[in-house]
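Working notes for the structure below.
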Amino acid sequence: MQTFDLEAQGLRALNAALHALKGQTNMTAWEVVNPRGAHAIAAGVDALVDVTVRGSTGYYCAGMNKLATIRVKGSAGPGVAENMMSGTVIIDGDASQYAGATGRGGLLVIKGNASSRCGISMKGIDIVVHGSIGHMSAFMAQSGNLVVLGDAGDALGDSLYEARIFVRGRVKSLGADCIEKEMRDEHYAALEDLLRRGEADAKARPEEFRRYGSARKLYTFNIDNASSY
């Protein structure tokens with residue numbers, strides 16, 4: 001275990017050390033102490049490492065993550081896991097605005113609530129929120145899955161493309177071109193897997209959720225090109 005005191009050693013030194021972990025490394029377990037809400041902690045990591053942050057973080061924690069597993073033992077500021085490519089990011093507390101924005105892959109787990117614009121313009125990321133989400137979540141979401149065990153705010157899925165949204169609680173309102181859709185067997189199976197990977201399978205069952213998706217009226221949809229959206 002590599003223990004890094006952010007207060008004593010500084011953010012630039014932490015990220016430089018993590019960025020240097022290219023290819024094979026035996027320095028796979030990292031612990032960051034005294035984060036004190038610092039911004040961009042563990043941003044741009046591109047290695048198979050496990051990073052645990054002992055406390056809350058500022059904006060863009062784990063941004064552009066690739067391959068790494070990053071755990072925040074607290075809450076996260078705006079833009080956590082923004083433009084994430086792969087790997088796993090787990091937030092034990094709440095997340096501020098636009099969590100997982102533009103994410104292209106990997107899994108983001110938020111064990112508390114997420115604020116507005118969660119999953120905005122998501123492009124393949126999977127997001128599991130144990131609590132509720134704020135307004136305009138999944139705005140212009142293109143692909144991937146957003147799972148919400150709690151409630152959703154106004155304008156859910158506004159201008160949605162082909163991302164899938166699963167909500168167990170109440171939805172305050174749906175955004176433009178977002179509609180409720182049938183839950184079929186493949187959706188129950190996918191949701192069961194997401195709940196398991198998101199450490200939420202003990203809290204909810206797939207049968208308790210409703211699915212939302214695009215009505216496909218705001219853009220030119222062709223079933224033969226569905227994988228390209």
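The values are calculated or read from the model by the stated rules, or taken from the named source; none is laboratory data. What you see is a predicted model; the values in this text were computed from it and never measured. When we count neighbours, we look across all protein chains shown, and the Cβ atoms used for this are built from the backbone with ideal geometry, even at glycine.
One table, with the values for the structure above:
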{"read-out": "Residues satisfying the stated conditions in segment 115-143, i.e. over 18 Å from A76 (Cβ atoms) and of a type in the set (D, E, K, R)", "value": "K123"}
{"read-out": "Checklist (1) without any contact (Cβ under 8 Å) to a residue 60 or more places away in the chain; (2) surrounded by fewer than 22 Cβ atoms within 10 Å (Cβ to Cβ); (3) under 20 Å from A190 (Cα atoms); (4) of a type in the set (A, V, I, L, M) applied to M140, failing item", "value": "(3)"}
{"read-out": "Near pairs, Cβ below 7 angstrom, 6+ apart or cross-chain, from segment 1-28 (surrounded by fewer than 16 Cβ atoms within 10 Å (Cβ to Cβ)) to any residue that is part of a loop (DSSP other than H, G, I, E, B) and of a type in the set (D, E, K, R)", "value": "E7/R36"}
{"read-out": "Residue selected from segment 1-19 under the condition assigned to a strand (DSSP E or B) and of a type in the set (S, T, N, Q), by the criterion modelled with the lowest pLDDT", "value": "Q2"}
{"read-out": "Number of positions in segment 37-58 that are in contact (Cβ under 8 Å) with a residue 24 or more places away in the chain, surrounded by fewer than 20 Cβ atoms within 10 Å (Cβ to Cβ) and not in a loop (DSSP other than H, G, I, E, B)", "value": "1"}
{"read-out": "L149 vs. criteria over 13 Å from the mean Cα position of the chain (by Cα), aliphatic (A, V, I, L, M), within 24 Å of S56 (Cα to Cα) and surrounded by fewer than 24 Cβ atoms within 10 Å (Cβ to Cβ)", "value": "yes"}
{"read-out": "Matching entry among A68, A47, A163, A114 (being out of contact with any Asp or Glu (no Cβ under 6 Å at 6 or more places or on another chain), within 18 Å of L191 (Cα to Cα) and of a type outside the set (D, E))", "value": "A163"}
{"read-out": "Residues of segment 155-187 that turn out to be more than 18 Å from H135 (Cα to Cα) and either surrounded by 15 or more Cβ atoms within 10 Å (Cβ to Cβ) or touching a strand residue (DSSP E or B) at 6+ places or on another chain (Cβ under 9 Å) (or both), as a count", "value": "6"}
{"read-out": "Residue check, T69 hydroxyl-bearing (S, T, Y), surrounded by 24 or more Cβ atoms within 10 Å (Cβ to Cβ) and either modelled with pLDDT under 95 or out of contact with any Leu (no Cβ under 6 Å at 6 or more places or on another chain) (or both)", "value": "no"}
{"read-out": "Of the criteria (1) over 21 Å from the mean Cα position of the chain (by Cα); (2) closer than 15 Å to K73 by Cβ, which one R54 fails", "value": "(1)"}
